[in-house]
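Okay, so here's the structure we're looking at.
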Amino acid sequence: MATHHRARFVVCHRDVIEDGVVSIDDGRVVAVGPHDAARHANAVDHGETALVPGVVNAHSHAFQRALRGRAEHLTAGQDDFWSWREVMYRMANALDPEQVEAVSAMAFLEMARAGITTVGEFHYLHHQPDGTPYDDPNTLAHRVIAAARKVGLRITLLRVAYGRAGFRKAPDPLQRRFIDSDVYRYLGAVTALDAAWRHEPRVEIGMAPHSVRAVTGKWLWSISEHQKIMKLPVHIHACEQRAELEACKAEYGRLPVEVIADEGLLNTRSSLVHATHLDRRALDLIEERGPSIVACPLTEANLGDGILPAGELLARRAHIAIGSDGQSRIDPWSELSQIENNLRLRHERRNVLAHHADERDGRRHTADVLWPMANENGARSLGLDCGALAPGHPADMIALDLRDPALAGTRAGTLLADLCLGMTPRAVRSAWVAGEAIVSEGRHPAEDAIVDGFRRVMGTLERGL
Ligand SMILES: [Zn+2]
């Protein structure tokens, strides 16, 4: 029997339905439409709220939640991505399996409270701090999945392939927890992880060669062959930092996107994470092969990476998703606005991305371009069918409080603009995954325990970091 959820607004794709109803049966949406007193007599009435698809966070390193606030100072000279990475490595090496789970649960809890119902976890902590694999080489991956299950998020665990420090670089002892000895061992671990979670509907497995610097062409090719057979999503960091482009050119004689394409990994099941520094050839390849792009503008701003060329990508019909990446701030709504606002600052103009929107009511709306980045495009990037409140899709949805100061006064015609450019996590009142409530009245039932567990971990780390 279907359960009916009634709200002042229901958002189906880009349509805003006034006094709408979402009908859910067996964890899936079975109908969406205007409220009908006869058909929806027993509807749960959420009153002054908007029911919208839960946000898909397509790129996360959950353990980096422990790093927030701990790398925001200068020690000597100037700070950049590479010096930040040193601090991040020390954090990565300080956590035992239980602590990895506690920190991950904190990150996932904060995501759920911000309206995220699915996470793509780019997971690269595999081994013991000295590099010895645990008895089960997926011990830490299981811990991260357990954390997502504790919170109730849908998760795609993208197991990272890390083979080396970089081109002509001596092994870095701080990377020992990430590195698998060869690609076959890596693929064996992916297969075992996939088998272990095959029957859990909210857990999916994917692959993630870390970057073209962290694996060789042979690894990329082997992962591409495996992808063809297993049809798994593949994510890879690409073109985040300019220094990475130079190093790639020196080794391969080509830029990262070209290398990824030549090894068979640029396709509709693949995602380029960041894609900040793209030349014309890279943009053409993206148009031709159709990978997703995962932008993480709050992290990219925090790390000084650069600005996503979102206009050029949209001109080539790219599907852009968003990710919280380094967790310096978990706020998918600000990720959306930052993509547009970065371009306004750069070009000294307004509504830059609206040029790529179809005309509606005689206008082009910036939100029409940004909105799918928070839901449908993220689902595409992870190969999932969530991301839309429409019949047949999983009932992953959130209720937003229209009495919250951030949303008060909105109407059907402005709701998407308010969500993409003026929204705050505070207005998320409830969240459901597969029709099951994970956040109710702005709280998660395990919130106190998860926050206390995280605070305990941070208390023990305080001395070392
Ligand atoms: Zn990342």
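Here are the numbers for the structure shown:
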| read-out | value |
| --- | --- |
| FRET E, pair Asp26, Arg289, Förster distance 41 Å, beta-carbon r, rounded to 0.05 | 0.70 |
| Computed FRET value (nearest 0.05) for Trp221 with Asp361, which takes r as the C-beta separation and R₀ as 35 Å | 0.10 |
| Percent of beta bridges antiparallel (DSSP, segment 55-379, rounded to nearest 5) | 5 |
| Under 28 Å between alpha carbons - lysine pairs in segment 121-267 that sit 8 or more apart or on different chains | 7 |
| Calculated FRET efficiency for the pair Ala37/Thr132, C-beta based, R₀ 60 Å, to 0.05 | 0.40 |
| Length released on extending from His347 to Leu74, taking residue separation times 0.36 nm less the Cα-Cα span | 95.2 nm |
| For the chain, the fraction of alpha-carbon pairs in successive 20 Å shells from zero, as % | 25, 58, 16, 0 |
| Ranked Phe81, Phe454, criterion: other C-beta atoms within 10 Å, fewest first | Phe81, Phe454 |
| Residue order, fewest to most surrounding Cβ atoms within 10 angstrom, among Val55, Val433 | Val433, Val55 |
| Share of alpha-carbon pairs per 5 Å distance bin for segment 374-443, given as whole % | 4, 16, 20, 22, 23, 13, 2, 0 |
| Cβ-based charge dipole, the chain, positive-most Cα from Gln327, Ala310, Met458 | Ala310 |
| Kirkwood-type radius of segment 84-236, with distances r between different C-alpha atoms, in Å | 15.8 |
| Charge-dipole axis of the chain as Lys and Arg at +1 and Asp and Glu at -1 on Cβ define it, positive-most pick from Ala449, Gly387, Phe81 | Phe81 |
| Global geometry of segment 244-309, whether rounded, prolate or oblate, following the gyration tensor of its Cα atoms and the 1.5 cut on a/c | oblate |
| The chain, helix-only ellipticity at 222 nm - DSSP H runs n ≥ 4, -39,500 (n - 2.57), divided by all residues, nearest 500 | -10500 deg cm²/dmol |
| Kirkwood hydrodynamic radius of segment 315-465, Cα pairs, Å | 17.7 |
| Largest-first principal axis extents of the Cα set of segment 196-282 (Å) | 44, 23, 21 |
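Each value in this text was obtained by applying a stated rule to the coordinates, not by laboratory testing. Small disclaimer: the values here were computed from a predicted structure and weren't measured. Ideal geometry is used to build each Cβ from the backbone, glycine not excepted, and the neighbour counts take in all protein chains shown.
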